[in-house]
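All remarks here apply to the structure that follows.
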Amino acid sequence: MGELDKKVEQAVAEDGSVQFTLDFLDPEKLSFERRENGTLIMHVKDSASYIDVRVRKAFPVTDPEHYTEICSKDRKYIGMVFSFSSLGEKDRELLSEELERSYVIPLITSITELKSMQGATHMEVITNRGPATLYIFRPHEDIKHLRDGRIRITDALDNIYEIRPWAIDAASVVNLQKLL
């Protein structure tokens, strides 16, 4: 296996000790392919190929477009792609598919019922994965407004759901406003 071309950034403490290191992979030297068995391969131009890589976001909620981590199948860190958009279209599609497998967050497309019951908020919703029932006990903690306008809801069972307010129907917007 060859040496990867990485841009290394380190966080150094006042005493000179290295706190952590980020190894940024050169996106122009990367390409990805999916094998017939479904595993993902990462090729590094003029260097190496890594079979059955894993992909995850370092900051999946707060910065989904940056810091994509690449690991081997045994979870050993290979490196990080700083910007998702710096990859080619085909590679972005493959990584998006892989991330979708890792981060299954149902998207709420409709809020069909909203009511308060014994200190909890009861929601009946339709998601892109089917209908769901949510109970929310701590709305100030369990409902997060993300910078890009999306809303993340964690229900009483610690399931995470997402709402894109611009993509739901008018009746659901009314229910969402009651919830918030």
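Observations, loosely collected:
- Here the label points at Glu36 and Trp166, each 7 Å from Cα along the C-beta direction, are separated by 4.3 nm in the simple model.
- Restricting the calculation to Cα atoms, the chain yields a radius of gyration followed by a Dmax of 20.3, 63 Å.
- Annotation note: chymotrypsin sites (Phe, Trp or Tyr not before Pro) in segment 135-180 located in DSSP loop regions with a Cβ neighbour count of at most 13 within 10 Å are Phe137.
- Measuring nothing but how far apart in sequence close Cα pairs (under 8 Å, 6+ apart) lie, relative to its length, the chain scores a relative contact order of 13 percent.
- Rounded if a/c under 1.5, otherwise prolate or oblate - segment 107-179, Cα gyration tensor axes: rounded
- Karplus (6.51, -1.76, 1.60) ³J(HN,Hα), θ = phi - 60°, over segment 85-97, in Hz, Gly and Pro reported as x: 6, 7, 8, x, 4, 4, 5, 4, 4, 5, 5, 4, 4
- Nitroxide proxy distance, nm - points 7 Å out along Cα→Cβ at Val173 and Thr112: 2.2 nm
- Taking 0.36 nm per residue of separation and subtracting the current Cα-Cα distance, fully stretching the chain between Ala132 and Lys90 would add 11.8 nm.
- Estimated from helices alone, the mean residue ellipticity of the chain at 222 nm is -4500 deg cm²/dmol (sum of -39500 (n - 2.57) over DSSP H runs with n ≥ 4, per residue).
- Inter-centroid distance (Cα atoms) of segment 34-63 relative to segment 88-111, Å: 14 Å
- Dipole magnitude (debye, nearest 20) for the chain, charges at Cβ of Lys, Arg, Asp, Glu: 480 debye
Where a number appears in this text, it was derived from the coordinates with a stated rule and is not lab data. All figures in this text were calculated on a predicted structure; none of them were measured in a lab. FYI the Cβ positions are ideal-geometry reconstructions off the backbone, even for glycines, and counts take in every protein chain you see.
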